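Novice: Structure provided below as structure tokens; questions to follow.
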Amino acid sequence: MTLPDVTNEHNLATNAYNKPGMGLDLLREEILGPERFDAAFRFYIDSWAYKHPTPWDFFHAIENYSGENLDWFWRGWFLYNWKLDQAVKGVEYYRSDPAQGSIITIENLEKLPMPVTVEIKEENGNTGRVKFPVEIWQHGTTWKFYYNSTTKIETVTIDPDKRLPDINDSNNTWKSNKAPF
């Protein structure tokens, strides 16, 4: 949101091109989805072609068309430069029996919230994925969820496709004591 005229020239490419581009990619691929984002982006282009829109005009057009309140994203990504650090805190078995399911705990350790994708690998070779919307972080920085496991869990990985700009990926994977890696 800093004007290019007062941006340090060494940071201009990152601030003017890389970060906004990555923000649009996150918005399209992780937050709204390609179909909703593309339609909202076309709406913005149709509404503001040959005019002089501000960033706020872009923000409002995307929100109005998609029907989504994205204040958290605009603030965190464009206005305040918040960081993202999501982590897997741990795994517990329901009634101490892996066959009855698992309770998995994940955390958002920094200020920037984002939707969450979690991949779970079990001893029996089964792999599952669970996706959560960004709204889970409105309830606090820790989220627990039930996963219908049938055997012990080997690993739980948050953001398995490495799509998010997580500042500390060393806490993105939980491994059981018996995991072979």
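Nothing in this text is a laboratory measurement; each read-out follows from the coordinates by a stated rule. Everything numeric in this text was worked out from a predicted model, so none of it was measured. Note that each Cβ is placed from the backbone with ideal geometry, even for glycine, and that neighbours are counted across all protein chains shown.
Novice: Quick one: Debye curve from the C-alpha atoms of the stretch 1-156, no solvent, what's log10 I(q)/I(0) at q = 0.10, 0.14, 0.15, 0.17 Å⁻¹?
Specialist: Values returned for q = 0.10, 0.14, 0.15, 0.17 Å⁻¹ are -0.50, -0.82, -0.89, -1.03.
Novice: Among Asn177, Leu32, Trp137, whose Cα projects farthest towards the positive end of the dipole of the chain, with charges put on the beta-carbon of Lys, Arg (+1) and Asp, Glu (-1)?
Specialist: Asn177
Novice: Oh, and also: Checking the a/c ratio against 1.5 first, then a/b against b/c, what shape does the Cα gyration tensor give for the stretch 1-93? Numbers along the way, then the final one.
Specialist: Numbers: a/c = 2.40, a/b = 1.22, b/c = 1.96.
The shape class here is oblate.
Novice: Do the sum for the chain: with -39,500 (n - 2.57) for every DSSP H run of n ≥ 4, divided by all residues, what is the mean residue ellipticity at 222 nm, to the nearest 500 deg cm²/dmol? Working shown, then result.
Specialist: Numbers: 3 runs with 35 residues, N = 181.
So the helix-based figure for the chain works out to -6000 deg cm²/dmol.
Novice: May I pose another question? I need the Debye-formula profile for the stretch 81-146: one equal scatterer per C-alpha, no solvent, reported as log10 I(q)/I(0) at q = 0.14, 0.26 1/Å, two decimals.
Specialist: -0.45, -1.19
Novice: Sticking with this one: Leaving out same-chain residues fewer than 8 places away, which lysines sit with a Cα under 30 Å from that of Lys121?
Specialist: Answer for Lys121, where 30 Å is the Cα cut-off: Lys83, Lys89, Lys111, Lys131, Lys144, Lys152, Lys162, Lys175, Lys178, listed by chain and number.
Novice: Using a 10 angstrom Cβ neighbour count of at most 11 plus a DSSP loop assignment to flag exposed trypsin sites (Lys or Arg not before Pro), which longest range of the chain is free of such sites? Can you show the working numbers first?
Specialist: Details: sites that count: Lys51, Lys162, Lys178.
Counting only loop sites that pass the neighbour cut-off, the longest clear stretch is 52-161.
Novice: Alpha carbon centre of the stretch 29-70 versus the stretch 88-161: separation in Å?
Specialist: 32 Å
Novice: Write down Rg/Rh for the stretch 40-126, rounded to two decimals, with Rg from the C-alpha atoms and Rh from the Kirkwood relation over Cα pairs.
Specialist: Working: Rg = 20.1 Å, Rh = 16.5 Å.
Using Cα coordinates only, the ratio equals 1.21.
Novice: On the Cα set of the stretch 1-49, report Rg and Dmax in Å, please.
Specialist: Considering the stretch 1-49 through its Cα atoms, Rg and Dmax are 13.5, 36 Å.
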